[in-house]
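See below for the structure under consideration.
The values are calculated or read from the model by the stated rules, or taken from the named source; none is laboratory data. Since the model is a prediction, treat every value here as computed from it, not as a measurement. Cβ atoms come from the backbone with ideal geometry, glycine included; neighbour counts cover every protein chain shown. Ligands, DNA and RNA are stripped out before the accessible areas are found, and what is left, the full protein with its side chains, is counted by its heavy atoms. Shrake-Rupley method; radii C 1.70, N 1.55, O 1.52, S 1.80 Å.
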Amino acid sequence: MDCYTANWNPLGDSAFYRKYELYSMDWDLKEELRDCLVAAAPYGGPIALLRNPWRKEKAASVRPVLDIYSASGMPLASLLWKSGPVVSLGWSAEEELLCVQEDGAVLVYGLHGDFRRHFSMGNEVLQNRVLDARIFHTEFGSGVAILTGAHRFTLSANVGDLKLRRMPEVPGLQSAPSCWTALCQDRVAHILLAVGPDLYLLDHAACSAVTPPGLAPGVSSFLQMAVSFTYRHLALFTDTGYIWMGTASLKEKLCEFTCNIRAPPKQMVWCSRPRSKERAVVVAWERRLMVVGDAPESIQYKQLTIQVLLDRLVLRRLYPLAIQICEYLRLPEVQGVSRILAHWACYKVQQKDVSDEDVARAINQKLGDTPGVSYSDIAARAYGCGRTELAIKLLEYEPRSGEQVPLLLKMKRSKLALSKAIESGDTDLVFTVLLHLKNELNRGDFFMTLRNQPMALSLYRQFCKHQELETLKDLYNQDDNHQELGSFHIRASYAAEERIEGRVAALQTAADAFYKAKNEFAAKATEDQMRLLRLQRRLEDELGGQFLDLSLHDTVTTLILGSHNKRAEQLARDFRIPDKRLWWLKLTALADLEDWEELEKFSKSKKSPIGYLPFVEICMKQHNKYEAKKYASRVGPEQKVKALLLVGDVAQAADVAIEHRNEAELSLVLSHCTGATDGATADKIQRARAQAQKK
Amino acid sequence: MAFPHRPDAPELPDFSMLKRLARDQLIYLLEQQHEVDKLYKVENKPALSSNEQLCFLVRPRIKNMRYIASLVNADKLSGRTRKYKVIFSPQKFYACEMVLEEEGIYGDVSCDEWAFSLLPLDVDLLSMELPEFFRDYFLEGDQRWINTVAQALHLLSTLYGPFPNCYGIGRCAKMAYELWRNLEEEEDGETKSRRPEIGHIFLLDRDVDFVTALCSQVVYEGLVDDTFRIKCGSVDFGPEVTSSDKSLKVLLNAEDKVFNEIRNEHFSNVFGFLSQKARNLQAQYDRRRGMDIKQMKNFVSQELKGLKQEHRLLSLHIGACESIMKKKTKQDFQELIKTEHALLEGFNIRESTSYIEEHIDRQVSPIESLRLMCLLSITENGLIPKDYRSLKTQYLQSYGPEHLLTFSNLRRAGLLTEQAPGDTLTAVESKVSKLVTDKAAGKITDAFSSLAKRSNFRAISKKLNLIPRVDGEYDLKVPRDMAYVFSGAYVPLSCRIIEQVLERRSWQGLDEVVRLLNCSDFAFTDMTKEDKASSESLRLILVVFLGGCTFSEISALRFLGREKGYRFIFLTTAVTNSARLMEAMSEVKA
């Protein structure tokens, strides 16, 4: 290296350039590039070549071949073109190859020649055929602009979200424009086209004639135009050999140059050196290359982020390299390594020649339980490739059972999905699966499935209770669950039925079910209720008033309060009301009526089964001390003290307690000695106590 | 007299954060709806609002969906177009959306969720305010709320750090715990690296201890709840308490200085305390006499307001006490308590049974009668067949035949069952357990679950010493154990279990108790290294009651905390009491 400048050549007066080879292309091209449609992706992306695109001219048997190479010429894919004639090729920002056919259909391929999808540019294009097409990049994505045989433009600014826009007509345009380009300004895509000496700008609303500022006179035709990658700059080449360079907004001229070549150039593009502020236009003819420069400006480089870089590596299946980069950059696992492994796994499941077991094992071995890896996503991919069994195997590795459910449902493994949903503990998920099952299975099978899953069953029952009562009944029927069937009909007898006959019928069904359930108690109780209902209806008819839906106790009470004593007694006998209850009931009812005479008569009708203390209590509750005292005298010795205290006779209570020599009674009386007059009584008790202790 | 905290008691975590979070989220949700001009209660009535948009803030219940649907459909019929928004709290359920869809209005409403699951009722009490949890889970077997619980626990651990020690008992506790663990694992390790603020968490299913919840409450706060019903931390005191013609809504929490001193006290002490307090207050007022003008100025500006406030509270609580005494200290109440104690101790069963029968015959109260029947059943391992039949018959005659369904519910929940004759019980049990393992026998498990689950209360009580031996009178003023919350007659089972496990830091040595509780598969411990936990945080314990807890249990654990230098924090699906439990099981005519 004795002379650093040895390989630098002069360029004009003040600049030098040098040429050196970065790498050599690996490809082995037999055809000339001029016979191919060529598309190179931005940012050193892949290169697509379509050989023999003009099938029409050749023998029909020679089909075009689509080759895809990496930027360094490594073959990535090669396939026979079996569709229609292709007018234009281009790469989208996502490195998808867009092939625009003559009929306006656009076929989309992946980096590895895998067909992704296709879409059409519309009927107008189909009818008039595609004359020319451009793929361009905007901040929203990649767009396609079409020039049709009718010399109209149609474009879509983003093929990811296809919205076709037919541009307005250019007045007086009879033949194809001499050159045109898609422009993107203020987030809107335009078409700039040249017709003879005129330039037109098309947006979706209007067509307007435009003039570049400072354009040299004498131009009768524009032969070539070029926009910079950022759509900031525009270069125009005219039939006078004149080059105009300025802003794409056509508001400012940057420089101009006249060369001695008048022939239309094959290609004209903007270029720049990294970190240089100088921009230049390279114009190419058959055997000549010219660089026109000197346009200083500050430009912003659109930076490829690390994420995009990794995406591109993943797209090229360079997984180990991507992982090494992640590790080198110490990216968090979730963003880095896990993501790349997940991509790898999604690729792995597509290897059809490897058995399900091996793929699943290989994936699990590599991924283990790396955080951020979703086995269900990988399984979904496997299912997408038609490998259901593999998908199920992969799902087994998914630790969150809830995540397994949606795919299982999609694969029609609903019963497995149900178990997984139950495992997840997420009732909503269980419910989702249930409704799926309900539609998928016939009723019998559905119920059978529920039967083995108590958790799901109770969930579904809850829903049915509110929303599908008939289904609930069927569920119980299917299970021969007579107990619950009985309860179901009882509930129906209150809620659903208005008429007495209907209610009785519902109760009868309930009673039958209870018998089947061997629940004799419930069956008998239900039959009693039927009898009671009928009777209440009769009472309402005969006596008037409100009887329906009262309890047995309240029915009898109502009768007594209405002085229908005979009826009351009859009812008590019919329904075998126990004596104790009847006495309490009558006592309370008569006291409520303040029918003291009848009460006394009743108290003497036979020996009270509840004793006489309740009489004292109830009379006192009605504030009738006089009546209470009558009964206090009849209270048995065990409860005498309580009775006396109730009627307020503390002194006598004390006497009885002393007589009983009962300590508990003594202290009870003592606790009642609160009045001023009770002092003597209290003393008496204390004396009695002292005496008792002496003994 | 009231519980002063030990000087070394740990500080409580700041729960106001939960309120702020919930409030901000709701404001955010409502702001998306332009103006909210009036709030209506969701009930089955047409909405009278003439507004262009309606916003419903509801629990995710099918009933509510039907109401909304009827409203929207009525609007549609009358040709009216409005915007509808449904905000579900604490979360949306798929079943609700299904109903909206079936009613044909799914496209007309937009849905949102307000993840408000933890309401701080007090400095140490968080409630999920989900009273339906009890019936849904313990009766219907519906597990929908368990996820909600897990999410609430997850929220707590995000806010207050991980829990180094976890214990639990009960099937639901175990499920909630496992779901919660899954949630934690899915998250990044952020919470795990935090310093724990709360050292222990204890999850407990309500059905592990029904007995305590069924007892009459006699500590002040519990008694106020039983008598007046505390709702969302506040109570409506009627005219009989306020001694005016108006009702008054009173917040009951630690902010109320008077209440805070008596809330955990046995009722027999409360009145004395309040009158002492009244005398002190009077003395404070009396200091005015003989003050010079400057002192008086000071007094008025600095003390008078506080004194007046105290005066107001004092008169309210005295009023409440009088009202309670009127209702409860009658002979009836003493008899009732006596019967309960007899049931807990297991003597005079015949007498207690007759007492219950009389209770029913006299139609004292359907809920109370039911409660006593359940208490008898659980403490006795089920009623003997004769009593089972006759008590039920009497009950139906008194309170109406629809309660046939109530009994079916109670049986399913294991609250009111029939004793199987001695020997055959084990035979049935083994038969059932065989059937249970048979997959096709789902419904048989269902039908026999109450049978298979014996309460074993007597044996457990003996093992855990729940009935303290009393020599002489139990001094309720200076309680010596948690039994004071039931007048010294019974240590709440739930609290005793918690005490025992905390003492051992595990279930070790409690195998027999766990077996008797039918929880052999559902008692768990999970400890992590405690190196990050401060000694203070290790004395802070969060107790989670699934299915509700009572104020008596809260009081008992507050007492235990003071004795042992712990501090307890409570998280419950709802505050409950015996009446609420029974109402949840009752079937009433629609």
DSSP bridge orientation in the protein assembly as shown - percent antiparallel, rounded to nearest 5: 75
Spatially near lysine pairs across the stretch A:337-470, Cα under 23 Å, sequence gap of 8 or more or different chains: 19
Cα Rg over Rh - the protein assembly as shown, Kirkwood: 1.12
Cα gyration tensor shape for the stretch A:28-166, rounded if a/c is under 1.5, else prolate or oblate: oblate
In order through the stretch B:359-364: 3J(HN,Hα) via Karplus (6.51 cos²θ - 1.76 cosθ + 1.60), integer Hz, x for Gly, Pro: 3, 5, 4, 8, 6, 4
Mean separation of Cα contacts under 8 Å, 6 or more apart, over the residue count of the stretch B:220-331: relative contact order %: 32
Percent RCO, i.e. relative contact order, over the stretch A:636-694, from Cα pairs under 8 Å lying at least 6 residues apart: 31
The stretch B:191-266 and the stretch A:468-496: distance between their alpha carbon centers, rounded to Å: 39
Residue-normalised accessible area of the protein assembly as shown, given per residue in Å² at a 1.4 Å probe: 49
Built amide H within the under 5 Å cut-off of B:Lys83, gap 5+: B:Gln53, B:Leu54
Equivalent ellipsoid, chain B (semi-axes from 5 times Cα gyration tensor eigenvalues, Å): 36, 35, 28
Fraction of accessible area attributable to carbon and sulfur, chain A (%, probe 1.4 Å): 50
At q = 0.16 Å⁻¹, base-10 log of I(q)/I(0) for the stretch A:457-582 (Debye sum, equal scatterers on each alpha carbon): -0.83
Chain A - percent relative contact order, Cα under 8 Å, separation 6 or more: 3
Neighbouring partner chain Cβ atoms per residue of A:525-538, average, 10 Å criterion: 2
Centre separation in Å (Cα based) which lies between the stretch B:154-169 and the stretch A:412-434: 28
Volume per residue that the Cα convex hull of the stretch B:206-311 spans, once the total is divided by residue count, Å³: 128
Cβ neighbours within 10 Å from other chains - mean over A:449-461: 4
Solvent-accessible surface (1.4 angstrom probe) belonging to B:Trp507, in square angstrom, nearest 10: 30
3J(HN,Hα) from dihedral phi, the stretch A:539-547, Karplus parametrisation 6.51/-1.76/1.60, rounded to Hz, x for glycine, proline: 4, 4, 5, 7, 10, x, x, 10, 10
When the convex hull of its Cα atoms is projected in every direction, mean area for the stretch B:85-126 (nm²): 3.4
Kirkwood-type radius of chain A, with distances r between different C-alpha atoms, in Å: 36.4
Projected label distance in nm at A:Asp579 and B:Asp245, using a 7 Å step from Cα toward the beta-carbon: 5.3
Helix A:596-605 axis, angle to chain A major axis (alpha carbon atoms, nearest 10°): 80
FRET E, pair A:Leu29, A:Arg443, Förster distance 41 Å, beta-carbon r, rounded to 0.05: 0.05
Percent of beta bridges antiparallel (DSSP, chain B, rounded to nearest 5): 30
Accessible heavy-atom area order of A:Ser608, B:Ser315, highest first, probe of 1.4 Å: B:Ser315, A:Ser608
Area of A:Ile577 that stays accessible when all protein chains are in place (1.4 Å probe, Å², to 10): 20
Shape of the stretch A:636-694, Cα gyration tensor, a/c cut at 1.5: oblate
Shielding by partners - mean other protein chain Cβ count within 10 Å, residues of A:486-492: 3
Overall dimensions of the stretch A:554-676 as given by Cα atoms, namely Rg and Dmax in Å: 16.4, 54
Cα-based shape type of the stretch A:306-414, given that a ≥ b ≥ c are square roots of the gyration tensor eigenvalues and the cut on a/c is 1.5: prolate
Low-density loop positions, GluC sites (Glu not before Pro), the stretch A:197-293 - DSSP coil, at most 16 other Cβ in 10 Å: A:Glu252, A:Glu278, A:Glu286
Neighbour-limited loop hits for trypsin sites (Lys or Arg not before Pro), the stretch B:549-579 (at most 15 other Cβ within 10 Å; DSSP other than H, G, I, E, B): none
Total formal charge among the other residues, if their Cβ is under 13 angstrom from that of A:Gly90, Lys/Arg +1 and Asp/Glu -1: -3
Accessible surface of A:Lys393 - all protein chains present, 1.4 Å probe, nearest 10 Å²: 70
Note, ³J(HN,Hα) from phi for the stretch A:647-655, Karplus 6.51, -1.76, 1.60, rounded to Hz, x at Gly and Pro: 7, x, 8, 5, 4, 5, 4, 4, 4
Label point distance in nm, A:Lys524-A:Gln307, each placed 7 Å from Cα along Cα→Cβ: 7.6
Three semi-axes of the equivalent ellipsoid, the stretch B:33-113, Cα gyration tensor, whole Å, largest first: 18, 15, 12
DSSP-assigned coil residues among GluC sites (Glu not before Pro) in the stretch A:478-541, each with at most 10 further Cβ atoms within 10 Å: A:Glu498
Spacing of the two label points (7 Å from each Cα toward its C-beta) at B:Arg23 and A:Arg687, in nm: 7.1
